[in-house]
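The values are calculated or read from the model by the stated rules, or taken from the named source; none is laboratory data. Bear in mind the structure is a predicted one, so any value in this text is a computation, not a measurement. Reconstructed Cβ throughout: ideal geometry from the backbone, glycine too, with neighbour counts over all protein chains shown. Keep in mind that these areas ignore ligands, DNA and RNA; they rest on the heavy atoms of the full protein, side chains included. Shrake-Rupley method; radii C 1.70, N 1.55, O 1.52, S 1.80 Å.
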Amino acid sequence: MNTELDETVNQIGGSVPADLRRDQLMELAVAQTGLDDFGDVPFHEPLDMLTDALNREAKLEGTRIDEARGTLVSLLAKRLVLVADRNRFPEIANEQITAPIFIVGLPRTGSTLLHGLMGAVEGVRVPMFWEMVMPSPPPEAATFDTDPRIAQAQAIVDRMPVDLQRRHPVAATRPEQCNLLNDWSFIHQALLASFEVPTYRDWLYNADYAPAFEAHRHTLQHLQWRNPGQWVLKYPKHLIALDALLARYSDARFVWTHRDPATVIPSVCSLTGYMRSPTPGFDPARFGPEWATFEEIVLRRGLDVRDTLVDADTRIHDLHYEDLMRDPAAAVAGICAKFGVPFGESSRTSVAQYIADHPKTKHGEHHYTAEEFGLSRAGLQRRFGFYIDRFGVTTTD
């Protein structure tokens, strides 16, 4: 168990049961924060589904159950402080999120690079890792680059394994996926990477995502209140519920990134498989087909909603990986032109500097093959042929 949670357990004068229970987790979060208002965004059902799956399916042993408990308590604590700030500063609820731009598509399609590049554009606001992990009190523009939470968040990053950084670079002051805005709703696909929880995964396929995007909006309002800007957000798995996203952000625009699934799927399996590998009995060859199915379902869900949009041509900007890598500045300029975001010389210079400061192999080469995950390039290209043909995706042997 982490030190902070150990101290909390000692404060409430009890022992923590081996299984994970909503009431016990909430009690720990209350003791940790001194707060008890969890707000009105629903979360009991998803948390119950998640804890049940963790208890029955995830094969948690030793420190793994302590890690899972620590994660869930930290999300409940995050929820408590966000609600407390919203109650203390009711004007946060008046913040209007106007025409946010979401980067979506299959993962491993250059979206992390693109998100960082867009963050270099003057007037654009991208959510940083540090402020999403430690959102309270609301960040302020005047101290945004010197906030002491940056060092605290970087200390967390510095403890991350090099193998994880090689697969997905993280830094306190880099933009990060915006699922960290709504993780406290417990409608949280990212947990599928870390834990073997098939019943929770299946529940997510049919879940009501309205609470997730309500939580997302609450946190975005919170971050915008004292540091506004044109939001550019990124999370590939938003494709699973684009209809719910649009119900909350009716004027949202999208950059849809594209790349050969025969490269994408093994790459994401390398990332998520690394996170899942502590599970006893983990088998990469069994995990690969499982994750490929998940990615296909998410993609098809997104395409189904896309097909219902009468204004898809003006609302969606398609960007191929090859075009992004060939000329990153031109790719950013094209997005800005499409959505009316000013892109002057200072922004162009900042984009060039971001490219120089973030070389692709900064943390070393990322090696993987389809075969180690029970897959093949030819098989993936056949399976995702519906997508490759529709968007003219460049494929390689």
- Query: Among the listed residues VAL41, VAL83, VAL30, which satisfies the condition of being of a type in the set (Val, Ile, Thr), assigned to a helix (DSSP H, G or I), at pLDDT 95 or above and under 19 Å from ALA210 (Cβ atoms)?
  - Reply: VAL83
- Pairs where the first residue, in the stretch 273-286, is over 15 Å from HIS168 (Cβ atoms) and the second is small (Gly, Ala, Ser) and assigned to a loop (DSSP other than H, G, I, E, B), C-beta under 6 Å, 6+ apart: ALA285/GLY374
- Message: For the stretch 89-102, check the following and say yes or no: at least one residue is among the aliphatic types (A, V, I, L, M), assigned to a loop (DSSP other than H, G, I, E, B) and at positive phi.
- Response: yes
- Task: Give ILE97, ILE103 a once-over and let me know the one that is touching a His at 6+ places or on another chain (Cβ under 8 Å) and in contact (Cβ under 8 Å) with a residue 24 or more places away in the chain.
- Result: ILE103
- Task: State yes or no: is TRP203 over 28 Å from LYS360 (Cα atoms), aromatic (Phe, Trp, Tyr) and outside any loop (DSSP other than H, G, I, E, B)?
- Result: yes
- Unique residue being closer than 19 Å to PRO261 by Cβ and open to solvent by less than 60 Å² (accessible area, probe 1.4 Å) when the list is ALA312, ALA292, ALA352, ALA329: ALA292
- When the stretch 18-36 is checked residue by residue, the ones that are open to solvent by 70 Å² or more (accessible area, probe 1.4 Å) and either over 24 Å from VAL197 (Cβ atoms) or in contact with a Ser or Thr (Cβ under 6 Å, 6 or more places away or on another chain) (or both) are ASP36
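Conditions (1) within 15 Å of LEU180 (Cβ to Cβ); (2) in a helix (DSSP H, G or I); (3) touching a Pro at 6+ places or on another chain (Cβ under 9 Å); (4) modelled with pLDDT under 95, marked per residue:
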{"residue": "LEU117", "(1), (2), (3), (4)": "no, yes, yes, no"}
{"residue": "VAL121", "(1), (2), (3), (4)": "no, no, yes, no"}
{"residue": "MET132", "(1), (2), (3), (4)": "yes, yes, no, no"}
{"residue": "SER136", "(1), (2), (3), (4)": "yes, no, no, no"}
{"residue": "PRO139", "(1), (2), (3), (4)": "yes, no, no, no"}
{"residue": "ALA142", "(1), (2), (3), (4)": "no, yes, no, no"}
{"residue": "ASP145", "(1), (2), (3), (4)": "no, no, no, no"}
{"residue": "GLN152", "(1), (2), (3), (4)": "no, yes, no, no"}
{"residue": "VAL157", "(1), (2), (3), (4)": "yes, yes, no, yes"}
- Query: So which pairs qualify, if the first residue must be in the stretch 128-156 and farther than 19 Å from PRO169 by Cβ and in contact (Cβ under 8 Å) with a residue 40 or more places away in the chain, the second must be assigned to a helix (DSSP H, G or I) and among the acidic types (Asp, Glu), the Cβ gap must be under 7 Å, and the two must be at least 6 apart or on different chains?
  - Reply: SER136/ASP85; PRO137/ASP85; PRO138/ASP85; PRO139/GLU131
- Mind checking whether some residue in the stretch 139-148 is under 18 Å from the mean Cα position of the chain (by Cα) and either open to solvent by 50 Å² or more (accessible area, probe 1.4 Å) or not hydroxyl-bearing (Ser, Thr, Tyr) (or both)? no
- For the stretch 212-266, which residues satisfy the criterion of being surrounded by 20 or more Cβ atoms within 10 Å (Cβ to Cβ) and either modelled with pLDDT under 95 or among the acidic types (Asp, Glu) (or both)? ASP260
- Query: Restricting the search to the stretch 55-84, which residues are farther than 11 Å from PHE195 by Cα and in contact with a Ser or Thr (Cβ under 6 Å, 6 or more places away or on another chain)?
  - Reply: ALA77, LEU80, VAL81
